[in-house]
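All remarks here apply to the structure that follows.
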Amino acid sequence: MKKLLVWLLFCCLSSTVFGQVQGSKEPLVFASPEQQARFNRLTTELRCLVCQNQNLADSDAPLAHDLRKELYDMMQSGLSDDQIKQFLVERYGDFVLYRPPVKGNTLLLWLAPALLLVGGALVVWFNVRQRKRLLIEARSDEEA
């Protein structure tokens, strides 16, 4: 019975290793260096939907492999950069772009850094002002 449990455990663990999905490993062949540079520029401008903090060029996720292949196929079919981006935005939303357009639903995304900076500056200003007031009060108490 113990050997059967060990064997089942081994089978379960080994199946997870062999069952991982692998992206396409075949290299993409471009007609010109300009086309490859265009592909590289597009993959750095588009976000990996799985990793979220990586672009398509840097991500090794299976979905990123699929999106790079789809991007390559769209380039080969003659679509422009704007058409490719528009297709991906329609399919996945503005999140797929590293620099989403300024719209109502992305306004907070664009304003958040400035709001956080102003908020932090206000906190520091109030803190310094309060400490200065407390220091003046402490000195006046010591003198009296």
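A few remarks follow.
- For Asn55, nonlocal amide neighbours, meaning residues 5 or more places apart or on other chains whose placed amide H falls under 5 Å from its own, are Cys48.
- Computed FRET value (nearest 0.05) for Tyr92 with Gln130, which takes r as the C-beta separation and R₀ as 41 Å: 0.30
- Residue-by-residue Karplus 3J(HN,Hα) for region 129-143, coefficients 6.51, -1.76, 1.60, Hz, glycine and proline x: 4, 5, 5, 5, 4, 5, 5, 5, 5, 5, 5, 5, 5, 5, 6
- Straight-distance candidates among the aspartates and glutamates for linking to Lys85, with alpha-carbon spacing under 14 Å and chain neighbours fewer than 8 residues away dropped: Glu45, Glu70, Asp73, Asp94.
- Debye, to nearest 20: dipole size of region 69-119, +1 on Lys, Arg Cβ, -1 on Asp, Glu Cβ: 160
- Built amide H within the under 5 Å cut-off of Leu97, gap 5+: Arg47
- The simple spin-label model puts a point 7 Å past each Cα toward its Cβ; for Asp81 and Asp66 those points are separated by 2.7 nm.
Just so you know, all these numbers are worked out from the coordinates, no wet-lab data involved. Bear in mind the structure is a predicted one, so any value in this text is a computation, not a measurement. Methodologically, a virtual Cβ is constructed for each residue, glycine included, from the backbone with ideal geometry; neighbour enumeration extends over all protein chains shown.
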